[in-house]
Amino acid sequence: MLIGNAPCSWGINYPTGNSYSWQQYLDEVDQAGYRGTELGPFGFLPKDAGLLKHELAKRELTLIGATHVHTFGDPTTAPQFTQTLRELAGLLRTLGARHLVIMDESNWYPEGQEGVLDGAGWRGMIDMVRDAQQLVEGEFGLKLSFHPHVGTAVEREDQIDRLLAETEVDLCFDTGHHAFWDQDALAYMTKVFPRIAYMHLKNVDPAVRARMLADEISIADSYGAGIMCPLPDGVVDIAAVMDLLVERKFEGPVVVEQDVAANATETPLQLAARNLAYVKGIGA
């Protein structure tokens with residue numbers, strides 16, 4: 001099973017203005033022992049397919065796919081979304097990657113209204129997801145998945161159920177974002193397993209989660225406080241998750257992600273290496 005990582009584990013959430021160059025990121029994901037990587041924010045890694053292919057090959061890295069964030073609550077963005085997907089899917093196909101993941105943009109929502117869409121807003125999102133699947137899968141031959149994410153219109157189990165019922169899109173299932181709201185990630189994976197095409201492995205610190213659920217700290221502040229903790233240290237039974245993937249002969253990508261706490265004593269490289277050692281140690 002190919003275990004990959006992603007630029008977000010190095011705090012890279014935007015194409016520019018990052019603490020790491022794309023060369024440094026590729027060097028460190030390689031040094032950490034991973035053999036696969038996501039593309040990251042579109043434009044962070046080179047869009048020049050020849051250059052990127054060369055840089056990946058010299059580090060013996062495979063491009064797994066990409067996760068693209070979009071403001072699904074704003075219907076006026078649909079044309080730009082289509083244009084970006086065409087460019088992104090074309091690059092992925094050229095480089096041999098087979099997966100494209102989409103998710104809602106949490107920063108678009110007003111404070112206190114995170115993820116809130118009215119009926120028209122939900123229908124607009126569903127239409128964009130359906131159109132994206134037709135484009136990405138029908139025209140480019142890639143697999144499209146949707147990533148439920150904290151602070152967006154699709155994060156709770158009833159919302160995920162509704163998305164699956166109203167579209168044919170499968171999931172990029174993130175264990176940490178599911179457990180964030182004290183939902184049972186393993187139980188839900190078992191329930192919807194045929195609709196999971198892509199995996200993100202994260203874990204959740206129970207003490208920080210308890211403070212967030214009690215409204216002692218905000219959702220945003222919980223990230224800095226380390227709610228998304230290293231894989232060995234959280235409430236999600238990652239070993240059981242990996243056992244399920246093996247038992248069900250999961251064929252999709254498995255990507256480790258690590259949001260780094262503000263007071264972290266380990267560097268992103270050290271955290272990435274520790275997470276990989278843990279996953280390998282449980283037999284993945």
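Which FRET efficiency value, to the nearest 0.05, is calculated for residue 127 and residue 211 with the Förster distance at 51 angstrom and r the Cβ-Cβ distance?
Working from the Cβ atoms, E equals 0.85.
Compute the distance in nm between two label points, each set 7 Å from the Cα along the Cα-to-Cβ direction, one at residue 118 and one at residue 74.
About 1.8 nm separates the two model spin labels.
Report the full-extension gain for the segment residue 21 to residue 262: residue separation times 0.36 nm, less the Cα-Cα distance, to one decimal in nm.
So the chain would gain 84.7 nm between residue 21 and residue 262.
Quick one: which of 47/280; 53/191; 47/249; 143/191 span more than 30 angstrom between C-alpha atoms?
The answer is 47/280; 53/191; 47/249.
How charged is the neighbourhood of residue 169? Take every other residue with its Cβ under 14 Å from the Cβ of residue 169, and add Lys/Arg as +1 and Asp/Glu as -1.
Residues near residue 169 contribute -4 overall.
Want the number for residue 98 to residue 251: 0.36 nm per residue separation, take away the alpha-carbon distance, what's left?
Length gained, residue 98 through residue 251: 53.9 nm.
Separation of the range 70-96 and the range 220-252 by C-alpha centroid, Å?
First find each Cα centre; the distance between them is then 28 Å.
Rule-based calculations on the coordinates, nothing more; no lab input. Since the structure is predicted, the reported quantities are computational estimates derived from the model, not experimental observations. Note: ideal-geometry Cβ built from the backbone for every residue, glycine included; neighbour counts use all protein chains shown.
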